[in-house]
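Working notes, structure below.
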Amino acid sequence: MLCGAFALDVTAQSTLNFPRAFTPSDLGSTGFAVVNPGSSSASATFTLRGTDGSTLATDTQTVAAGGQLAKLGSEL
């Protein structure tokens, strides 16, 4: 019988989609929140898309290790 242990550098990625049409005024009252339960900081990229799928805006925020990020759509 052979038994081994290997150390791996593992990264995880999640993609969250919010399939909803927003008007510009909706973004001032719609909030988004993400948490990072990990032991190191993580990047969260928010992408606003048009109804045709084109990218209208992108913003990357850092979420601290063990922390959370809460922003209104107008802040992203």
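A short reminder: the numbers here are calculations on the coordinates, not readings from a lab. Owing to the predicted nature of the structure, the values given are computational and were not obtained by experimental measurement. When we count neighbours, we look across all protein chains shown, and the Cβ atoms used for this are built from the backbone with ideal geometry, even at glycine.
Here is how the numbers come out for the structure above:
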item	result
14 Å beta-carbon shell around Gly73, net charge (K/R +1, D/E -1)	0
Where N is the number of residues in the stretch 11-76, Cα Rg divided by 2.2 N^0.38 Å	1.18
Charge tally in the Cβ shell below 15 Å around Ala33, where Lys, Arg are +1 and Asp, Glu are -1, Ala33 excluded	-1
